[in-house]
Amino acid sequence: MGDFLAKHFVKNHHDLQNTQVRVQYGKMSSFVGIFVNVLLFVIKFVTGRVFHSVAITADAVNNLSDAGSSVISLVSFKISGKPADKQHPFGHERIEYLASLVVGLFILLLGLELLKTSFGKILHPDVISFSLLTVGVLLFSIGAKLWLYKFNQNLGKRLDSSMMKATAADSLSDVLATSSVLLSTIISPLLGFQLDGYMGVAVSLLIMFSGINILKEMLDTLLGQKPSEELVHQLEEYIRKYEGVLGIHDLVIHSYGPRRSFVSVHVEVDARRDILESHDLIDNIEREIARDLDIHLVIHMDPLTMDDPAVLRLRDMTAKIVSEIDASLSMHDFRVVKGVTHTNLIFDIVIPYQCPKKDPQVIEEITQKIKEKEQSLYAVITIDRFYV
């Protein structure tokens, strides 16, 4: 059904990298959500009033709030599709993350309100009257929400949209909430015991858990979580394929939206190669990644000495010392500056977050072991971190 709607309502629907196509998908998803939720609200509100069911009426109001969430989604996709401007040079795509935070907050507040109502129903249960029409309406609602869940889940994966994924999670929570109302409607009259409140407590906890997960995921994104392994691998493989690239390090990826990334990296080249040739190589990599991956890449060129036996000996010696101190440590940007009284070994050490040793301890141990090898050697160490 999603593909059918996309073919008829999204122009160039296969071009998922296009920002305007993404906006059209967002609008389509939002309008579908508004239509389905308003329809369910009307049907369930009328049914709840006719059969004097507080649970069904409350579930109808829940659907009306979901329609409001779809309106938020519609606005967020419209704003996120705006091009970069003077005040927002990195674009507007992060508005989608903020909108997802609002939806997650709505879900959490809904769960809290349902929890409060459910405790009230445990203390003061309402008598639930059985009706085939009521059962039919609730089954229809569950089916519609399951379809809406799959619809937004598939679109969310296809477009890598946090907003659509949050909407899908909201729909799944609604399935649980309506299912509890259905079970209470069927089972309570048979048992002569009102289960509505107890079911509501269980479902409200699940709904709050869903809302908390959405809020956590979006907060992690806004704070700056590490990029996906797929993107890191794609970039590393792309850069390494060029003849003349000896290695890469210090890869940093900044995300300003699902389709807007700014990347910096250090690329190692042979110091013997003509500087203009190496510069041309770097320019080609930056330009072609922008063309093929739509990523703004900035490369810092690091020349490596490949033919000096003395430098190679000191590099191998230092690398061995670093690995002996902790196998998780790595070294790069190694340079040798010779003086009259001493020689500086200048290099960077990458310390992963799981390393048990503190930065000063690592520097002290490396410096001491290098001194033990040769008293005239001085270590000039810069500490790096993994950002991918």
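The values are calculated or read from the model by the stated rules, or taken from the named source; none is laboratory data. Everything numeric in this text was worked out from a predicted model, so none of it was measured. Glycine gets a Cβ as well: all are built from the backbone with ideal geometry, and neighbour counts include every protein chain shown.
For segment 293-316, a residue qualifies if it is under 41 Å from the mean Cα position of the chain (by Cα) and either part of a helix (DSSP H, G or I) or free of Cβ contacts under 8 Å to residues at least 12 places away in the same chain (or both), and the qualifying residues are Leu293, Arg315, Asp316. If you check Gly211, Gly197 for being farther than 23 Å from Asn284 by Cβ, over 23 Å from the mean Cα position of the chain (by Cα) and assigned to a helix (DSSP H, G or I), only one passes: Gly197. Within segment 256-270, the set of residues being of a type in the set (Gly, Ala, Ser) and either in contact with a helix residue (DSSP H, G or I) (Cβ under 9 Å, 6 or more places away or on another chain) or surrounded by 19 or more Cβ atoms within 10 Å (Cβ to Cβ) (or both) comprises Gly257, Ser261. Can you confirm whether Ser65 is closer than 23 Å to Leu114 by Cβ and in contact with a Gly (Cβ under 9 Å, 6 or more places away or on another chain)? Criteria not met by Ser65. Would you mind stating whether Arg273 is without any contact (Cβ under 8 Å) to a residue 60 or more places away in the chain, in a loop (DSSP other than H, G, I, E, B) and more than 33 Å from the chain's Cα centre (by Cα)? When the stated conditions are applied, Arg273 passes them. Find the residue count for segment 229-255, including only residues that are assigned to a loop (DSSP other than H, G, I, E, B) and either of a type in the set (Lys, Arg) or not assigned by TED's automatic domain parsing to the domain that holds Asp274 (or both). The qualifying residues number 1.
When segment 88-97 is examined, which residues are found to be in contact (Cβ under 8 Å) with a residue 40 or more places away in the chain and either in contact with a strand residue (DSSP E or B) (Cβ under 7 Å, 6 or more places away or on another chain) or surrounded by fewer than 18 Cβ atoms within 10 Å (Cβ to Cβ) (or both)? Across segment 88-97, the qualifying residue is only Phe90. Please tell me if Ile79 is in contact (Cβ under 8 Å) with a residue 24 or more places away in the chain and aliphatic (A, V, I, L, M). Judged against the criteria, Ile79 is not a match.
Return yes when Arg273 is among the basic types (Lys, Arg), under 19 Å from Val380 (Cβ atoms) and at pLDDT 90 or above and no when it is not. No. For Asp220, the criteria (1) in a helix (DSSP H, G or I); (2) touching a residue at least 12 places away in the same chain (Cβ under 8 Å); (3) farther than 20 Å from Gly111 by Cα hold in every case but one, which is (2). Pairing each residue of segment 10-29 that is within 15 Å of Glu93 (Cβ to Cβ) with any residue that is among the charged types (D, E, K, R) and modelled with pLDDT under 75, provided the two are 6+ apart or on different chains, yields C-beta distances under 6 Å for Val21/Asp15. Residues of segment 191-228 that are among the aliphatic types (A, V, I, L, M) and closer than 20 Å to Leu123 by Cα: Leu191, Leu195, Met199, Val201, Ala202, Val203, Leu205.
For segment 124-151, residues that are in contact (Cβ under 8 Å) with a residue 12 or more places away in the chain, within 28 Å of Gly192 (Cβ to Cβ) and not aromatic (Phe, Trp, Tyr) total 14. Suppose the filter is without any contact (Cβ under 8 Å) to a residue 40 or more places away in the chain and β-branched (Val, Ile, Thr); does Val362 pass it? When the stated conditions are applied, Val362 passes them. Being at pLDDT 85 or above, buried (at least 16 other Cβ atoms within 10 Å of the Cβ), out of contact with any Leu (no Cβ under 6 Å at 6 or more places or on another chain) and among the β-branched types (Val, Ile, Thr), is that true of even one residue in segment 118-141? The answer is yes; a qualifying residue exists.
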